[in-house]
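The values are calculated or read from the model by the stated rules, or taken from the named source; none is laboratory data. Just so we're clear, the structure is a prediction, and the values are computed from it rather than from any experiment. Here the Cβ positions follow ideal geometry from the backbone for every residue, glycine too, while neighbour counts run over all protein chains shown. Just the protein is used for accessible areas: all its heavy atoms, side chains included, with ligands, DNA and RNA removed. Shrake-Rupley method; radii C 1.70, N 1.55, O 1.52, S 1.80 Å.
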Amino acid sequence: MSSIAATARLRAAGGDTSAFEDKSARTSAYSDEAIRKAISASDLIYSAPAPRSEEGIPIGNGRMGSLVWTAPDRLCFQINRVDLYASNSESNSFFEAHNDYCGGCAFLDIVFGEEVFPASGFPQRLSIYDGVLTLQGNGVSIRIVPLMSLDAIAITIDRHAPLAGPISAVLRMLRYERKYAGVQTESLTEQHAVRVPHLSHAATSRLQADDRSILLTQEFREDNFCARSAVGVTVLGKAMKPRIFNDLEISLDAAEAQSTTFVVSSAATMHPEQEIAPLALDILNEVATQGSTKLEAESLAWWHQFWSRGHLELHSNDGVADFVQQNYHYYLYLMAATSRGKYPPKFNSMLWSTGADLRSWGAQHWYTNTSCYYGALPASGRFELMDPMFDMYSAMQDTCVDAAHQQWGSQGMYIPETVYFDGIEHLPDDIAAEMRELYLMRKPWDQRSAAFMNYAQTKHLYSSRWNWIASGHYEHGRYAFSERGSGPFGPTSHMFNISAKVAYAYWLRYEYTQDQTWLRERAYPMLRGAVEFYRNFPNLKKGDDGRYHIHWVNSGEPVFGARDTMEETSAMRAITPALLRAASILNLDTEMRPVWQEFFEHLPSMPVSDDPDAIHPASYSGSRIFVNALKPAVKADRTPNGWLPDMNSLSICYFDLCRIETADRKRFAVGEATIDLLLHSVSESKAPVGGLSVLPEAAASFGKADAVATLLPQQMQALPNPRSQSYRKGGAMANRMTYGEGPQGISAQHLGRAAAALQQALLQSCPPEPGGEPILHLFPAWPRGWEAQYTLYARGGFVVSAAVRAGKVSSLTIESRAGSHCRLRNPYSEAAVRLVRNGQQSEILQGSLLEFPTSAGERIVVQPGDSTLHG
């Protein structure tokens, strides 16, 4: 098979064929050796076996991956993919919590025939800079390289002493069940296939082999849904005949040699007519044709170019800043290893599942959790790693437009907090009509029809539209569910701000890149859809005060069915001016702009504690702060502090309503008082900083360097929670990830949230108001005594390289990618500065706010007279 043909088949399977596209030119002015040193400080180093599979070492190429762990006589993997789902939004077979699944393709063991990995310990090192894992066992050295251009992993084993027998690769099915399958029973046996039915769904796994390779394929079917995966293994060099041990396993032995390389490939498709085995075999053939040495060298070059686009160097005498640096680069490694496929990695295990199909929280995507991984990517400059998230939400847009009308009687689009990879199921007309009446509070909940309840019987309780279902159990062989007791409301049922948050992420990508094609084709439809949903939402009504008020909506997960909630008012106040700015830039919707402007000017204020209808404890008599919602509310006491803005969201910061450069200082003061109260409550509780918490980033947004110095490393540490029932009490494992989401819910959310907080402490480029022109503000919340040197990306299409030493700014260079007008908060108070443009001395500027034009490609060095750091 030619390289061209293999590439064509890879594209047909939804694979990535652009591993070597230089999507961002080298930015760093640092030497390769300096970058290597900084990145290598993040290497994952083990001296003993991982105590459990979940603590294995993560490897991946962005589309396929695995944790790697050992038993005394073998290397262990579970091969996972980001583009494999066992069911979709139309499924009626997975309505029980945590039972729907995705990602898992096969178990793989490399068996040595004797104990080579002693319990007493042996060296293991994941090189973050190279993307390579090495292990040193008794008599063997092992090098594992995920190939970045093809969906394959090369495993090279060098023998330093004879082994008792051949080295074998063993593929094993993830699930096994033997049931009578009618006329298919015998044919399944003959094909070495196992079919596991579950209600209307069936998962069929099959073992296959040819003279040089072994394969494990999977097929998932339910009604019109079909998905397939394949994992193939071959030996580069001489192999012995494959063997099928039993119904579950197939083995391939390598002929005895000083050096042996196994190649593991994988592929997935959701096209029912496409055979999956040839895709995996084509990749194996392509590796054999090109040679693993060449492909491994290309993969190392990919990683080196990735790191050249920006990194950090942090130091403090107590080592805390160094620890922060290590975890930041490790987070970027995890994202590059998992976020280069058709879909974003799931928050619960990413590509790191080791327990077959078990995955706490199942196969749906929660945007709040997803945002933990993607919030720090724009400032890192790794925009291509955001493509899977954007591609997923763009692909489901039609279903979200349909749901806005069907479920809510509105226009625009509705993206729920919890959603399947392919969007939202289309409802039968009668069910949709009744749902609208019930969910909009126009029909009493106790009058819901039997037909509606029967339809809900097979729907997943974590789907936002069915989130009023609490749990379920079996009675006399029949499944029965219980309700939460708040009518149609559940934690995510009446959240509409998610559409705005997703759209705002699209807008931010434009702000960072100034790419008008992106703005026109991708961001604008999202912005427009979010605003039009709000504007036409039946429960948004203009009151006697002349303002629009929104009723019967949630505020995060703690508050059900309230009025003018923090989450919704802040969303409307940010997404509407962003849309107006985008329409102006693109010269679109001239007839709608006055309509949207009128809407914006008459939006309600965000809820505050001194409002007579504010939801807060009767005993509260503190400062004027933002609260979560106004009365009436269906349920406002779900959590003790549910009346306060949700620390897992803090939308005043997400939507740029309260940042260091906010123009409305009264709003800023209320926001600061709110953050101060939240910081005090966290300090008083002595609880560890939550993995999803935005509080460290919020502290940075308000310029609170002391809080950043405490909260940022705490969040990265992921300290155990004494109340947790999870493994290690939900604290960090040896691989720096956590088990906080529950069994097989392996998570790096804490690292993503902390990375965003770190960036905000180093550099903010937020506008005075949403939709406004950004202002660059250096080191707005940088702890004293911490040294820093960084390259980060900023809104306006700028790349900023800056350093601070001993409290003084020692260098500042701004590269203009788009030729935007630059607004820079003078980091040297109001002292005069000189601009050096492309090596030529230019103008002198003075004052608190420095403004100057730039040209695309221009590098501007800002030279101060006084370099003392000013916040």
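Values computed for the structure shown
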{"quantity": "Answer from 800, 861 - the residue that is open to solvent by 10 Å² or more (accessible area, probe 1.4 Å), touching a Leu at 6+ places or on another chain (Cβ under 8 Å) and among the aliphatic types (A, V, I, L, M)", "calculated": "861"}
{"quantity": "In the range 319-343, residue nearest to residue 744 (Cα to Cα) [restricted to those that are in a loop (DSSP other than H, G, I, E, B) and in contact with a strand residue (DSSP E or B) (Cβ under 7 Å, 6 or more places away or on another chain)]", "calculated": "343"}
{"quantity": "Out of 28, 42, sole residue that is modelled with pLDDT of 95 or more and either more than 26 Å from the chain's Cα centre (by Cα) or assigned to a loop (DSSP other than H, G, I, E, B) (or both)", "calculated": "42"}
{"quantity": "Given (1) crowded, with 23+ Cβ neighbours inside 10 Å; (2) closer than 30 Å to residue 33 by Cα, number of the condition residue 106 does not satisfy", "calculated": "(2)"}
{"quantity": "In the range 582-593, the residues that are in contact with a helix residue (DSSP H, G or I) (Cβ under 9 Å, 6 or more places away or on another chain) and open to solvent by 60 Å² or more (accessible area, probe 1.4 Å)", "calculated": "584, 590"}
{"quantity": "Members of the range 470-494 found to be in contact with a helix residue (DSSP H, G or I) (Cβ under 7 Å, 6 or more places away or on another chain) and open to solvent by less than 10 Å² (accessible area, probe 1.4 Å), listed by number", "calculated": "488, 492, 493"}
{"quantity": "Residue in the range 342-358 that is closer than 30 Å to residue 788 by Cβ, modelled with pLDDT of 95 or more and open to solvent by 30 Å² or more (accessible area, probe 1.4 Å) present", "calculated": "no"}
{"quantity": "Among the candidates 284, 236, residue that is among the aliphatic types (A, V, I, L, M) and over 16 Å from residue 61 (Cα atoms)", "calculated": "236"}
{"quantity": "Test: residue in the range 496-513 that is part of a loop (DSSP other than H, G, I, E, B), buried (at least 18 other Cβ atoms within 10 Å of the Cβ), modelled with pLDDT of 95 or more and not hydrophobic (A, V, I, L, M, F, W, C)", "calculated": "no"}
{"quantity": "Counted residues, the range 153-193 - those being assigned to a loop (DSSP other than H, G, I, E, B) and of a type in the set (D, E, K, R)", "calculated": "4"}
{"quantity": "Count - residues of the range 594-627 that are in a loop (DSSP other than H, G, I, E, B) and either surrounded by 13 or more Cβ atoms within 10 Å (Cβ to Cβ) or hydroxyl-bearing (Ser, Thr, Tyr) (or both)", "calculated": "18"}
{"quantity": "Qualifying residue in the range 261-269 (condition: among the hydroxyl-bearing types (Ser, Thr, Tyr), touching a helix residue (DSSP H, G or I) at 6+ places or on another chain (Cβ under 8 Å) and open to solvent by 10 Å² or more (accessible area, probe 1.4 Å))", "calculated": "yes"}
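Every residue, every condition in (1) in contact with a strand residue (DSSP E or B) (Cβ under 7 Å, 6 or more places away or on another chain); (2) closer than 25 Å to residue 309 by Cα; (3) assigned to a strand (DSSP E or B), yes or no:
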residue: 784; (1), (2), (3): no, no, no
residue: 792; (1), (2), (3): yes, yes, yes
residue: 796; (1), (2), (3): yes, yes, no
residue: 815; (1), (2), (3): yes, yes, yes
